[in-house]
Structure formats: structure tokens, C-alpha cells
Amino acid sequence: MILDAFSLTDRVAIVTGAGRGLGAATAIGFAEAGADVVISARTQSQLDEVSKAVEAAGRRAVAIAMSSTDAGAAEALVQAAEKEFGRLDIVVNNVGGSMPMPFLDTTPKVFNEAFMFNVTTAFSLTQQAVPLLLRSPGAAVINITSTMGRVRERGYVAYGTAKAALIHMTELLAADLAPRIRVNAISPGSIATSALEIVSGSPELKAELESKTPLGRIGVPEEIAAAALYLASDAAAYVTGKVLDVDGGIEAANLSMKLPDLAP
């Protein structure tokens, strides 16, 4: 049966940024497909809620409250997977983000922090995970990028550059880790998470997002989780080094920050 190829029965996944939004939906979706999960985020109460949902699906969750930028965070997550489950099959690098701001307000510190949060965390966890992933017959790494890594709009020089770097790092790691570990990315468009509430809470901004999206709506986290399930499972056993765009069909930024031209 073709649906068997999408099963994650008895596999183990690490999902970062799993307290809410895309990470939470992915962790829960993996559990519903049969996986146990190690989940991390900064807020313990959020992780507790996700853990309950994982357990309701009949699987186990190990929740670790920490920032992915903390020293030793990557090592701690991999050690937890080995200690609690004795294996690791999937890594989902989901942490990321950076507030848009005008170019001249984007300091080198802000730029470097965006790179650290969106790229270095993924690099570090993947590197720590590789020795354990090499024991899995179907190992997969999935990086969550953004459409802003391939389109342009004023105000996104830090975030967009970081996400573009993550996209290319995905391609490079796919070469480094083939044929034993597949490495792919998902590039979400506008998804209904707490990070988008500042925009989707405004009827005018929400209307702009929807009107500039060919499918005419904002996505939901479960649609990203479904894409992650595909890339993590044997259904994508012949896929590596690719970026799966889950963005409603956009080919340009679907929300303008309306930043003015620079004055002399």
C-alpha cells in the first residue's frame, strides 16, 4: 500500500521550535504517523501541551526547554534521543525568525544574530546528530526555510539573507551526507502562526496577503507538517538536496513593508 511509505512507525525525531506553530504541528503529525519525538522550545508550558498531544497519539515525547542558541543545546537534544530511545532517524531544524526593519537600522549585531538563529543552530544540530543518524537506514534532515530566502522585499535583508543561506546549506549538506542521510528543506509562505498574528490580525494586511497569494488564503501549520512527513518518510527516499515550496503559489513577496526610499 502506498500509504505505508508515509509511515514513521517506531522512528525517532528531534523537532526544534516545537512549542507552537510549525514545530508543534510537525511533532504532533510525526507522532500520528508513528514516531516518538524529542521536542525543544524556550517555554516549558508550551512543550507540555505538545507532549500531551503526542501522548494522545500513542507515542512518547521528551521535552527539553531551552533556546537552540544555548551552548550545548544541540548536544543535549541528541543525547536525549539516544538515552531515551536509543536511536535517531529524523531532525527537523525549525527554529528561526528575525523582525523586519529598515536597512540602515539593521546593525551588524542584528544581522549576525539572524544568521546565528536561522543558520548556525541548524548547522550545529545537524553536525551533532550525524553520528546517530548514520545508524538509521532511513535518516533524514529537514530545514525550515522561508519564501523570503528567494524573493525580495524591503526590510528583510537580515532574515532573507539568513534563509537564503539555509537553503544553500541544505543543498551543500545533501552532497556531504549522501547517500546515507537525506537533507531537504521546506520553504513556507504565509502560515497562520503566532508570528503572523501581527499581520493577520489586521483586516487590511490580511486582505493584502490573501490577494497576492495565488491560492487566495493563508496556509495552516498542518500543511507544513504534511510536507515534513513526506520528506521524513520513505515516500521521499529518492529525494535529497531539494526545497519544497509550500507557499500558496507566490513568486514574489505578498506583503509590502511600505518602507520609503532612502533620502539623501
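Some observations on this one:
- Looking only at the stretch 228-248, residues that are over 18 Å from His168 (Cα atoms), among the hydrophobic types (A, V, I, L, M, F, W, C) and surrounded by fewer than 18 Cβ atoms within 10 Å (Cβ to Cβ) come to 2 in all.
- Residue within the stretch 96-108 that is acidic (Asp, Glu) and over 18 Å from the mean Cα position of the chain (by Cα) present: yes
- Taking the stretch 8-28 as the range and being within 13 Å of Leu229 (Cβ to Cβ), out of contact with any Gly (no Cβ under 7 Å at 6 or more places or on another chain) and either free of Cβ contacts under 8 Å to residues at least 40 places away in the same chain or open to solvent by less than 20 Å² (accessible area, probe 1.4 Å) (or both) as the test, the residues that pass are Ala13, Ala25, Thr26, Ala27.
- Residue match in the stretch 190-206 (condition: acidic (Asp, Glu) and more than 21 Å from Ala162 (Cβ to Cβ)): yes
- Thr43 falls short on exactly one of the conditions (1) surrounded by fewer than 14 Cβ atoms within 10 Å (Cβ to Cβ); (2) under 25 Å from Asn184 (Cβ atoms), and that condition is (2).
Rundown of residues vs (1) over 28 Å from Ser45 (Cβ atoms); (2) touching a residue at least 60 places away in the same chain (Cβ under 8 Å); (3) surrounded by 20 or more Cβ atoms within 10 Å (Cβ to Cβ); (4) among the polar types (S, T, N, Q), yes/no style:
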position: Leu77; (1), (2), (3), (4): no, yes, yes, no
position: Ile90; (1), (2), (3), (4): no, yes, yes, no
position: Met101; (1), (2), (3), (4): yes, no, no, no
position: Thr120; (1), (2), (3), (4): no, no, no, yes
position: Val130; (1), (2), (3), (4): yes, no, no, no
position: Ile142; (1), (2), (3), (4): no, yes, yes, no
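- Breaking point among (1) open to solvent by 20 Å² or more (accessible area, probe 1.4 Å); (2) farther than 23 Å from Asp89 by Cβ; (3) not small (Gly, Ala, Ser), for Asp176: (2)
- Per-region count, the stretch 193-219, residues open to solvent by 70 Å² or more (accessible area, probe 1.4 Å) and of a type in the set (S, T, N, Q): 1
The values are calculated or read from the model by the stated rules, or taken from the named source; none is laboratory data. All values derive from a computational prediction rather than experimental measurement. Glycine also receives a Cβ, built like all others from the backbone with ideal geometry; neighbour counts cover every protein chain displayed. Side chains included, ligands, DNA and RNA excluded: accessible areas come from the protein's heavy atoms. Shrake-Rupley method; radii C 1.70, N 1.55, O 1.52, S 1.80 Å.
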